[in-house]
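Let me begin by presenting the structure, written as structure tokens, before commenting on it.
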There are 2 protein chains.
Amino acid sequence: MSTLNGVEYIDHIAYDSVVFGYAAGRLKILVMEYHNTGLFALPGGFIAMHEDLDEAVKNGLEARTGLKDIYLEQFHTFGKADRNKTDEMKKILEANEIHQKEFQWMLSRFISVGYYALINHELVTLHPDALSDSCTWYDINKLPKLIQDHASIVAKALQTLRDQIDRKLPLFALLGEKFTMQELQGLYEVILDEKLHRGTFQRKMLSMDILERHEKKYSGAANKAPYLYSFKKNWN
Amino acid sequence: MSTLNGVEYIDHIAYDSVVFGYAAGRLKILVMEYHNTGLFALPGGFIAMHEDLDEAVKNGLEARTGLKDIYLEQFHTFGKADRNKTDEMKKILEANEIHQKEFQWMLSRFISVGYYALINHELVTLHPDALSDSCTWYDINKLPKLIQDHASIVAKALQTLRDQIDRKLPLFALLGEKFTMQELQGLYEVILDEKLHRGTFQRKMLSMDILERHEKKYSGAANKAPYLYSFKKNWN
DNA sequence: TATTATTGTCTCATAAAGCGACAATAATAA
DNA sequence: TTATTATTGTCGCTTTATGAGACAATAATA
């Protein structure tokens with residue numbers, strides 16, 4: 001058992017989160033950069049001794065993003081014995097002039113539970129943690145090199161999101177409250193990384209009976225204006 | 001960090017396994033019964049300090065079943081703060097006259113990683129661990145009351161197996177080397193808990209090009225004899 | 001009023017799944 | 001030997017889902 005800022009955490013267990021956002025037609029995730037190290041990592045944290053695992057992740061993300069009620073999905077637990085490269089973690093601690101014995105537990109082996117989150121990037125104000133300079137959106141296709149096995153954590157999260165997109169459709173969280181069919185299709189396309197046929201996509205979405213049609217959205221362009229949609233209450 | 005039989009284990013982390021077997025047309029799982037307590041639990045264990053998580057589970061199951069190369073799938077990590085009822089664990093330790101301080105760590109909070117396994121029950125010799133009287137097959141529909149949240153672990157495992165049955169088809173491990181189409185269909189039916197149409201099922205299985213047809217199986221009954229099938233090498 | 005780009009919807013083609021039917025066949029009974 | 005019976009392998013028809021193009025409707029501009 002180890003303490004940080006007066007809170008007791010469970011040794012050797014952490015979580016890492018892959019926070020998806022959608023902006024300008026691009027799928028993005030949150031990445032933290034540690035002070036003076038050039039090292040990048042996923043937002044993560046530890047589990048307090050009396051805290052639910054799910055709650056720990058929820059609270060950690062709320063601290064980073066300011067959002068409550070984030071859509072969260074646990075997707076895998078990473079437990080390779082050699083996944084923690086101590087030199088990277090040492091560099092992070094040393095760059096912050098943390099040499100005290102009381103933080104040495106951070107250098108030990110960790111088993112990490114992976115969660116992905118879907119959030120609306122427009123509603124977020126980002127807060128880096130004490131060890132980090134920044135907490136920033138990165139295009140999923142232009143990620144910096146990440147520490148440890150975080151790249152494979154991202155890959156697994158993305159794969160899980162793709163597998164689940166047709167089953168649970170938690171996508172309302174990535175778009176605004178209201179959106180056009182084209183915006184929804186664009187989101188599907190960047191997640192699945194493939195082009196979809198417009199007519200087929202619209203037919204399928206409407207047949208699922210999960211969308212509500214609202215007023216039209218007049219963009220000022222010289223063409224027919226699309227309807228706005230939202231997800232129905234209790235759509236799943 | 002805590003020791004047991006001279007091995008150092010990571011505190012507060014465990015795994016629990018849902019080991020599926022198939023016998024007499026029934027889906028079964030392995031359940032352990034602890035000495036003199038009337039308490040039943042899933043086979044589980046701890047992770048040694050230098051051991052991969054996957055390896056720990058693999059080794060633990062090998063000890064229980066004698067099988068190597070077991071088909072294993074991680075499906076969820078259970079981290080509720082209140083999932084460990086200390087009275088149950090106390091009862092188990094006391095029934096084994098274990099009062100020593102060195103085992104008190106087993107009474108603490110545990111986060112548990114759930115795995116399911118598919119094994120051929122005919123190839124198994126079951127070995128209970130030191131605290132248990134028995135390690136026995138139970139029909140999935142006739143389970144005894146399990147300790148802690150093990151019932152929900154079983155439910156989640158079964159749900160995951162159902163979700164994955166059409167994607168990865170790891171079912172060869174549950175049947176013998178060779179099997180009839182009827183046996184394969186019966187397995188699908190008990191897993192999915194629904195009747196399937198014979199013609200459609202056969203057509204789909206054959207069209208997937210994953211089965212190899214062998215000689216016929218003459219049962220002695222007054223009807224046409226079915227072919228035996230096996231899964232092709234590198235079928236997935 | 002014509003033009004242009006985009007949307008909502010339709011139709012046709014193709015693929016997959018549900019369901020019943022029928023001949024083939026292994027053993028038994030007549 | 002032949003009829004009977006239960007089960008199997010497979011086929012055809014129907015229903016449902018998916019892929020792809022087409023066309024009228026429409027919002028703004030020329």
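The values are calculated or read from the model by the stated rules, or taken from the named source; none is laboratory data. Just so you know, these numbers come straight off a predicted model, no measurement behind them. FYI the Cβ positions are ideal-geometry reconstructions off the backbone, even for glycines, and counts take in every protein chain you see. In case anyone asks, the SASA skips ligands and DNA or RNA and just uses the protein heavy atoms, side chains included. Shrake-Rupley method; radii C 1.70, N 1.55, O 1.52, S 1.80 Å.
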Practice item. Please go through region B:49-85 and pick out each residue that is open to solvent by less than 30 Å² (accessible area, probe 1.4 Å), under 30 Å from A:A48 (Cα atoms) and away from every other protein chain (no Cβ under 13 Å). Key: B:G60
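Residues checked against (1) modelled with pLDDT of 95 or more; (2) away from DNA strand D (no atom under 16 Å from the Cβ); (3) over 20 Å from A:R26 (Cα atoms); (4) out of contact with any strand residue (DSSP E or B) (no Cβ under 7 Å at 6 or more places or on another chain):
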position: A:K156; (1), (2), (3), (4): yes, yes, no, no
position: A:L169; (1), (2), (3), (4): no, no, no, yes
position: A:F172; (1), (2), (3), (4): no, yes, no, no
position: A:E177; (1), (2), (3), (4): no, yes, no, no
position: A:M181; (1), (2), (3), (4): yes, no, no, no
position: A:V190; (1), (2), (3), (4): yes, yes, no, no
position: A:L196; (1), (2), (3), (4): yes, no, no, yes
position: A:F201; (1), (2), (3), (4): yes, no, no, yes
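Considering only residues of region B:69-88 that are part of a loop (DSSP other than H, G, I, E, B) and out of contact with any helix residue (DSSP H, G or I) (no Cβ under 6 Å at 6 or more places or on another chain), which is farthest from B:D163 (Cα to Cα)?
By that ranking, first place goes to B:K85.
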**Study point:** When residues of region A:22-48 are limited to those that are touching a helix residue (DSSP H, G or I) at 6+ places or on another chain (Cβ under 7 Å) and within 12 Å of chain B (Cβ to nearest Cβ), the one surrounded by the most Cβ atoms within 10 Å (Cβ to Cβ)
**Key:** A:I47
Review point. Across region A:209-236, which residue is least open to solvent (accessible area, probe 1.4 Å) among those that are among the polar types (S, T, N, Q) and under 29 Å from the mean Cα position of the chain (by Cα)?
Key: A:S230
**Study point:** Verdict on B:G114 being more than 18 Å from B:T3 (Cα to Cα), in contact with a Phe, Trp or Tyr (Cβ under 8 Å, 6 or more places away or on another chain), within 14 Å of chain A (Cβ to nearest Cβ) and outside any loop (DSSP other than H, G, I, E, B)
**Key:** yes
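Being assigned to a loop (DSSP other than H, G, I, E, B), away from DNA strand C (no atom under 11 Å from the Cβ) and away from every other protein chain (no Cβ under 14 Å): is that true of B:K233 here? Quick ask: steps written out before the conclusion?
On the way: assigned to a loop (DSSP other than H, G, I, E, B): yes; away from DNA strand C (no atom under 11 Å from the Cβ): yes; away from every other protein chain (no Cβ under 14 Å): yes.
Spelling it out, B:K233 is indeed assigned to a loop (DSSP other than H, G, I, E, B), away from DNA strand C (no atom under 11 Å from the Cβ) and away from every other protein chain (no Cβ under 14 Å).
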**Study point:** Filtered residues of region B:154-208 (kept if within 11 Å of DNA strand C (Cβ to nearest atom), open to solvent by 70 Å² or more (accessible area, probe 1.4 Å), free of Cβ contacts under 8 Å to residues at least 12 places away in the same chain and not polar (S, T, N, Q))
**Key:** B:D166, B:E194, B:K195, B:H197, B:R203, B:K204
Exercise for review: Taking only region B:40-60 into account, find how many residues are more than 26 Å from B:N120 (Cα to Cα) and aliphatic (A, V, I, L, M).
Suggested key: 2
